[in-house]
Amino acid sequence: MNHRLCALALAAIASALPITEAAAQQKVLKFVPQADLRILDPIATTAYITRNHGYMVYDTLFAMDAQFNVKPQMVDKWEISKDQLTYTFTLRDGLKFHDGQPVRAADCIASIERWAKRDALGQKLAEATQGWKAVNDKTFTLRLKKPFPLALEALAKPSSNVPFIMPERVAKTDAFKNIDDATGSGPFKFVKSEWVPGNKVVYVKNTDYIPRKEAPSWASGGKVVKVDRVEWIYIPDSATAAAALNAGEVDWWEQMPPDLIPLLSRNKDITVKNIDPLGSMGMIRFNFLYPPFNHPKMRQAVMHVVNQQDYVIGIAGDPKNGKPCYSYFTCGTPLASEIGAEPLKGKRDFERAKRLVKEAGYKGEKIVIIDATDQPIVHSQSLLTLENLKKIGLNAEIQAGDWGTLITRRAVREPIDKGGWSIFHTWLVGPDMVNPAVNFPLRGTGDAAWFGWPTDRKMEELREAWFNAPDAAASKKAADAVQRHAFEFVPIIPTGQFILPTAFRNNIQGVIIAPINLLWNVEKK
Amino acid sequence: MFAYVVRRLFATIVVMAVVALVVFLLLYLTPGDPAAILAGDAATSDDIRRIREKLGLDEPFLVRFGGWLWRLLHGDLGISIFTNLPVTHLIAQRIEPTLSLTLCTLLISVLVAVPLGVVAAARAGTWIDRAVMGFSVLGFSLPVFVLAYILILTFSIGLDWLPVQGYRPIRDGVWEWARHLVLPSTALGTVYIALIARITRASMLDVLSQDYVRTAQAKGLAPHAVLTGHALKNAAVPIVTVIGIGIGLLIGGAIVTETVFAIPGIGRLTVDSILRRDYPIIQGVVLLFSASYVLINLAVDLSYMFFDPRIRY
């Protein structure tokens, strides 16, 4: 009996002790992501949290650096034929998937082909492609039907969908089916057994990963992992996340709401910083199928009363965390300009807007702004737009719901009396609006276009001209033409550029300045 | 009694079948499309249509319901649309935190509330009674999230005694497990302490006015023996009923507490799934809730026989 009691007591003490010593000595980075990781497939969804997961576990053939140059990543060397029709790629030595299998040319081809079925730029590349061919396990070729100057830029695309390389067996999955195998060849391994959706995602260092020698710059360069384990701890409540960071229970909070910045800034052990050089762009999107916004003058009227400064403050809380951006391309990137932006700049002209409304023949049709009150960025924009529309005499109302309802309803093509809509708001990260190839809200392909379904043949022609631009100067000129037309046609109204800063404990060092939170190179002292 | 239990268990199956049908119908009629959420912000209508086809969401109601029911009869609750993980696995991941939180909250609530109620009844009309009732009103009035933040501010940030958030499984150590449950259980338990204390007081006051209590007092029994041995047992039926209802409410109703303290429980799983229209999880969780409620009610009904031998089934 005594022995049994002793054994029970020992077991109780053992269970009361914290986790093993080996585990305690590991360097664990505790990171609070901006959203909960639910979908593992970075090709099946454009969700940014899944893209970020992709950067943890996968690698890319090429990557873009901070100067917008395309740099090789998994590729060691490449050649472009004189006729610009054949690209030959050779992989680096020692590339291995997490299951120990070598990365082969066939894996790269299957991955790129799957990506090209979902991504807009990938589809454009696929249109120009005659075929991909594996020369041997390390070398493969891309044969084009016609020169496509953006081929390498496409393979280095930094934001959703990113052309991540997966094993061929995974990449052969239908592009519209969500994969659940996160085997990659990237710097971290996903630990599926510890994944608790809605709470925790665990990655461990991929000890087989061979980083490049170059310094990291955005997603290019050496991906040197300096911690043993990364835990993404999803904390849905902002106040709790702030308290957890203050108390040192977590090391890094990816994105915080503006109202908590002063609270965290007061803590000397915490750094609050903007590490996203491009920020995000807010926008108003119209339904082009029905009155009143099927008339360009109605859209122009709204543009004349949108004050970006108001929207930036509404979204970011503090003017320091945002700025007006009178461009259809992300401010701070090579194609950004203010060409044609007069209707969006300067003093807001309500009288002009009213005249445009009259010229458009507005008959008092009801305007429905669909809103998502669980998304502060969407909600604040919706309220400001409602106010603006009312000021110019439009019969507008907000119909509020959650984000899930909004993105379902915006797919409804019916008139508003049958569940349709007139306006919704959203935002895109900077890299998703840097040029006409990735800037999908500009597209004017009717039924195949983004929600709102504008038909704008001129925009499609101008976009095509941009794709065919032979050099940087021609590219800039073509992009200017796209923008000039956009300010007349008004596919969206940009509402400003804003930043949601990040906050981390001071013992965290080596944070990479990039439009995506990248966790390699990060040290925990 | 055996026949009664069998009858009640049979009724459970009928209840769950009705719940299954109603839930499926409600979800079918609710606006929202998981395919649109899965595709992401940049997707086109065509992308969404193709994803919907792959998920079988474009099939008629009866085909979908029939398929789900067939799988359910085989013990398969389906696969989450988003995570691709089995619903049973996701529920299993969440059961331990929710049960831990529920049991700790109940334990704290009962251990604090029943003595408070008994003392308030025994000292009815005194300042003790008024203090207990005052606390009870405060417990009802204070929103859980406000109390949660006050507790975090005081015990986690200010004193650095307890963790702000998270849950540690019991296998990581009893101490860590308990430390992570103290604040959430206290925040969640306050309203139950208030409720149970009031019910206990009212029930005890009723019993204390009975003749047999006066007889026990006249026999010269010690006051605590009269209170606990005679009065409390006879006052227990309504108290147990409230505790039983409380268990049911706690299993599904701890959403705010789980959110504030970032505890990966069933409540948060439910809310997250509703926001994303992850139908298989919603259906699975609602079935679990309904089974829990019915079985807890059965257990409460059976417990009446222990507290009041006059009750027979």
**Prompt:** Any chance the range B:71-92 includes a residue that's in contact (Cβ under 8 Å) with a residue 60 or more places away in the chain, open to solvent by 80 Å² or more (accessible area, probe 1.4 Å) and within 30 Å of B:GLY166 (Cβ to Cβ)?
**Reply:** yes
**Message:** Which of the numbered conditions does A:ALA411 fail, given that it passes all the others? Conditions: (1) within 20 Å of B:LEU275 (Cα to Cα); (2) open to solvent by less than 40 Å² (accessible area, probe 1.4 Å); (3) outside any loop (DSSP other than H, G, I, E, B).
**Reply:** (3)
**Request:** Mind listing just one residue for me: the one in the range A:256-307 that is within 19 Å of the chain's Cα centre (by Cα) and of a type in the set (Val, Ile, Thr) and, of those, surrounded by the fewest Cβ atoms within 10 Å (Cβ to Cβ)?
**Result:** A:ILE275
**Every residue from the range A:391-412 that is of a type in the set (Lys, Arg) and modelled with pLDDT under 90** = A:ARG409
**Item:** Residue ranges of strands (runs of 3 or more DSSP E) in the range A:36-103 with at least 2 members under 26 Å from the mean Cα position of the chain (by Cα) and of a type outside the set (Ser, Thr, Tyr)
**Value:** A:62-64, A:70-72
**Prompt:** Out of (1) at pLDDT 90 or above; (2) more than 25 Å from the chain's Cα centre (by Cα), the odd one out for B:ALA39 is which?
**Reply:** (1)
**Item:** Test: A:ALA182 is within 14 Å of another protein chain (Cβ to nearest Cβ), surrounded by 19 or more Cβ atoms within 10 Å (Cβ to Cβ) and in contact with a strand residue (DSSP E or B) (Cβ under 9 Å, 6 or more places away or on another chain)
**Value:** yes
**Residue, surrounded by the most Cβ atoms within 10 Å (Cβ to Cβ), within the range A:471-497, restricted to residues that are in contact with a helix residue (DSSP H, G or I) (Cβ under 8 Å, 6 or more places away or on another chain) and part of a loop (DSSP other than H, G, I, E, B)** = A:PRO491
**Item:** Criterion: under 22 Å from B:GLY78 (Cβ atoms), within 11 Å of chain A (Cβ to nearest Cβ) and within 13 Å of the chain's Cα centre (by Cα) - qualifying residue of B:ILE266, B:ILE274
**Value:** B:ILE266
**Request:** Give the residues of the range B:108-129 that are assigned to a helix (DSSP H, G or I) and without any contact (Cβ under 8 Å) to a residue 24 or more places away in the chain, sorted by residue number.
**Result:** B:LEU111, B:PRO115, B:VAL119, B:TRP127, B:ILE128
**Request:** Kindly establish whether B:VAL63 is at pLDDT 90 or above, buried (at least 19 other Cβ atoms within 10 Å of the Cβ) and among the aliphatic types (A, V, I, L, M).
**Result:** no
**Message:** within 11 Å of chain B (Cβ to nearest Cβ) and over 25 Å from A:ASP310 (Cβ atoms): is that true of A:THR455 in this structure?
**Reply:** no
**Prompt:** Which residue pairs have Cβ atoms under 6 Å apart, sit 6 or more places apart or on different chains, and have a first residue in the range A:240-252 that is facing chain B (nearest Cβ under 9 Å) and a second that is part of a helix (DSSP H, G or I) and open to solvent by less than 10 Å² (accessible area, probe 1.4 Å)?
**Reply:** A:THR240/B:VAL260; A:ALA243/B:ILE152; A:ALA247/B:SER156; A:VAL250/A:ALA244
**Members of the range A:21-33 found to be outside any strand (DSSP E or B) and away from chain B (no Cβ under 14 Å), listed by number** = A:ALA22, A:GLN25, A:GLN26, A:LYS27
**Item:** Qualifying positions in the range B:122-176 - open to solvent by 50 Å² or more (accessible area, probe 1.4 Å), under 19 Å from B:ARG198 (Cα atoms) and within 14 Å of chain A (Cβ to nearest Cβ)
**Value:** B:PRO143
**Fill in**
Quick count over the range A:417-446, residues being of a type in the set (Val, Ile, Thr), part of a loop (DSSP other than H, G, I, E, B) and away from chain B (no Cβ under 13 Å), is 1
**Prompt:** Would you say A:LEU462 is crowded, with 17+ Cβ neighbours inside 10 Å, out of contact with any Phe, Trp or Tyr (no Cβ under 8 Å at 6 or more places or on another chain) and within 9 Å of chain B (Cβ to nearest Cβ)?
**Reply:** no
**Asked** Based on what the data block shows, is A:GLU397 more than 12 Å from chain B (Cβ to nearest Cβ), part of a loop (DSSP other than H, G, I, E, B) and farther than 21 Å from A:GLN309 by Cα?
**Response** no
**Message:** From the list A:ASN468, A:ASN435, exactly one residue is polar (S, T, N, Q) and surrounded by fewer than 21 Cβ atoms within 10 Å (Cβ to Cβ). Which is it?
**Reply:** A:ASN468
**Asked** Across the range B:18-59, what is the number of residues that are assigned to a helix (DSSP H, G or I), more than 14 Å from A:THR405 (Cβ to Cβ) and either touching a Gly at 6+ places or on another chain (Cβ under 6 Å) or more than 12 Å from chain A (Cβ to nearest Cβ) (or both)?
**Response** 10
**Message:** Give all pairs with beta carbons closer than 8 Å in which a residue from the range B:208-219 that is without any contact (Cβ under 8 Å) to a residue 24 or more places away in the chain meets a residue that is of a type in the set (A, V, I, L, M); count only pairs at least 6 apart in sequence or on separate chains.
**Reply:** B:VAL213/B:VAL207; B:VAL213/B:VAL226; B:VAL213/B:ALA231; B:ALA216/B:ALA225; B:ALA216/B:VAL226; B:GLN217/B:VAL226
**Complete:** Those helices (runs of 4 or more DSSP H) completely within the range B:130-239 that have 1 or more residues that are within 23 Å of the chain's Cα centre (by Cα) are B:144-151, B:174-208
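The values are calculated or read from the model by the stated rules, or taken from the named source; none is laboratory data. Just so you know, these numbers come straight off a predicted model, no measurement behind them. Don't worry about glycine lacking a Cβ; one is built from the backbone with ideal geometry, like all the others, and counts go over all protein chains shown. Heavy atoms of the whole protein, side chains included, go into the accessibility calculation; ligands, DNA and RNA do not. Shrake-Rupley method; radii C 1.70, N 1.55, O 1.52, S 1.80 Å.
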